[in-house]
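Let me begin by presenting the structure, written as structure tokens, before commenting on it.
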Amino acid sequence: MIDLQQLTTDIAALPTESFDWGTLTWLCNSKLSPGAKQTVGLCHIHPGRGNPVHYHPNCEEVLHMLAGTGQHSFEGESIELRAGMTIRIPSGVKHNMTNACNEPIICLIAFNSGERETVFLT
């Protein structure tokens, strides 16, 4: 029988990781839902701030912009992302996002591994 309690999370009960650049709230991963093969989270980036350059050696990332405008850098290249835009970041690609507006960026991030790995370069 399926244990629906292990398959369900409530954002109000989840911890939020806080950084000088913003916050991360994980909605689903193998720690929250044993057996999960994906990681999904909400990322907030404060105005004028950016997360450190990093990459994911074991998974690709899909980032969907819910609010705000940011500059997303990929190994020396940069693209402006606005609310409603989605980008796929292949495994191993160095990247980061900088908030280019006066409101917080809110984005949904998803990874094709329940145990996402991140390597920071700074």
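Values computed for the structure shown
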| quantity | calculated |
| --- | --- |
| Subset of the stretch 84-96 [loosely packed, with under 14 Cβ neighbours inside 10 Å and either under 19 Å from Trp26 (Cα atoms) or touching a Gly at 6+ places or on another chain (Cβ under 8 Å) (or both)] | Thr86, Arg88 |
| Boolean, Gly84 is out of contact with any Asp or Glu (no Cβ under 7 Å at 6 or more places or on another chain), at positive phi, outside any strand (DSSP E or B) and touching a residue at least 24 places away in the same chain (Cβ under 8 Å) | no |
| Which listed residue is of a type in the set (Ser, Thr, Tyr), farther than 23 Å from Lys37 by Cα and without any contact (Cβ under 8 Å) to a residue 12 or more places away in the chain, from Ser78, Ser73 | Ser78 |
| Residue satisfying all of: in the stretch 38-80; charged (D, E, K, R) and part of a strand (DSSP E or B); surrounded by the most Cβ atoms within 10 Å (Cβ to Cβ) among these | Glu61 |
| Meets criteria (among the β-branched types (Val, Ile, Thr) and at pLDDT below 95) for Thr122 | yes |
| Test result for Ser91, farther than 19 Å from Leu14 by Cβ and not in a strand (DSSP E or B) | yes |
| Subset of the stretch 1-30 that is of a type outside the set (Asp, Glu), within 24 Å of Met97 (Cβ to Cβ) and without any contact (Cβ under 8 Å) to a residue 12 or more places away in the chain - its residue that is surrounded by the fewest Cβ atoms within 10 Å (Cβ to Cβ) | Pro15 |
| Any hit, the stretch 33-53, residues being closer than 21 Å to Ile106 by Cα, touching a strand residue (DSSP E or B) at 6+ places or on another chain (Cβ under 6 Å) and at pLDDT below 95 | no |
| Looking only at the stretch 97-106, and only at residues there that are part of a loop (DSSP other than H, G, I, E, B) and modelled with pLDDT of 95 or more, the one that is surrounded by the fewest Cβ atoms within 10 Å (Cβ to Cβ) | Asn102 |
| Within the stretch 19-73, considering residues that are more than 11 Å from the chain's Cα centre (by Cα) and among the aliphatic types (A, V, I, L, M), the one farthest from Asn112 (Cα to Cα) | Ala67 |
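The values are calculated or read from the model by the stated rules, or taken from the named source; none is laboratory data. These figures come from a predicted structure and were not determined experimentally. Here Cβ is always computed from backbone atoms with ideal geometry, including for glycine, and neighbour counts include all displayed protein chains.
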